[in-house]
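The values are calculated or read from the model by the stated rules, or taken from the named source; none is laboratory data. All values derive from a computational prediction rather than experimental measurement. Here the Cβ is made from the backbone with ideal geometry for all residues, glycine too, and neighbour counts use every protein chain on show. With ligands, DNA and RNA removed, areas are computed over all heavy atoms of the protein, side chains included. Shrake-Rupley method; radii C 1.70, N 1.55, O 1.52, S 1.80 Å.
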Amino acid sequence: RIDFEIVQTLGGFNPDEGTVRRANVECPLCHSVIDDDTTRALFRAGKAGQRMVAVVLHHPQQTGKRYRLPTEDDLNAYRAAEQALATKREHLRHQWGIDPVPDELIPTPCHEVDRLPMYGMPRWGDVFNPRQLLALITFADLVRQYANAPAQDPDFAKAVATYLALAVDMMAAFCNSLARWENTSEAIKQVFSRQALPMLWDYAEVNPLSGSTGSWQNGTEYYLEVLTHLTQLAESLQEEARGRD
């Protein structure tokens, strides 16, 4: 079996070499290689899985990141999210009349996205792990509840719900299994860093309640800054128009 440890020095390990190149997988123990066609076939057959490797920590009063191995509590939390997703998904399916998890087929052939079905991910909902899906459909449900809440101005509610939906949309760009971890900045990078959706062999899972990159707080603050800028721009244009008059 393969175990992991957190180290400060690399020793004889070269991370630049990696274990996967263009879907050709090399075992880090025996160094045998599985070719790309076999790798993709195993994924499509449901014989691939995922494993939590590390947990990234940040203290608000300290600089930098800390890393530790996942504990049994971390794994139990993930399993609990899997169970909660099934309950939440069925509840919203009944309430909304549609599946809250995107079930549309990924179009093929399409060079930008067709690599995903090659790895057993034929639908858009397959791009997210269960905990990510639970977070996203929960936030989407809360936005819908606000938009449909009684005793408020419909136009105002529609405008606010639209801005909140944009924040959920930004979360989705970070909260998926194609979001990578950038070692240099020690931060999660969203899926749209390039004009394609390539397969990713190790991904970073954001905490949507953390206030860090990709979280709900980060998304809402981003769009609030945009709205603030736009309102100032509108006032500036109005003043300029009055000056011409």
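Against the test of being over 21 Å from L178 (Cα atoms) and of a type in the set (V, I, T), the options T39, T108, T19, T71 yield a single qualifying residue, T71. If only residues of the range 176-231 that are assigned to a loop (DSSP other than H, G, I, E, B) and aromatic (F, W, Y) are counted, the one that is farthest from the chain's Cα centre (by Cα) is W201. Within the range 209-230, residues that are at negative phi sit with their Cβ atoms under 6 Å from residues that are assigned to a helix (DSSP H, G or I) and open to solvent by 90 Å² or more (accessible area, probe 1.4 Å), at 6+ positions apart or across chains, in these pairs: Y223/Y163.
Residue count for the range 75-127 under the criterion of being among the acidic types (D, E) and either in contact (Cβ under 8 Å) with a residue 60 or more places away in the chain or part of a strand (DSSP E or B) (or both): the result is 1.
If D153 passes every condition in (1) touching a Leu at 6+ places or on another chain (Cβ under 9 Å); (2) without any contact (Cβ under 8 Å) to a residue 12 or more places away in the chain but one, which one does it miss? Looking at each condition in turn, D153 falls short on (1). Taken over the range 198-239, the criterion of being acidic (D, E) and open to solvent by 80 Å² or more (accessible area, probe 1.4 Å) is satisfied by D202, E221, E225, E235, E239.
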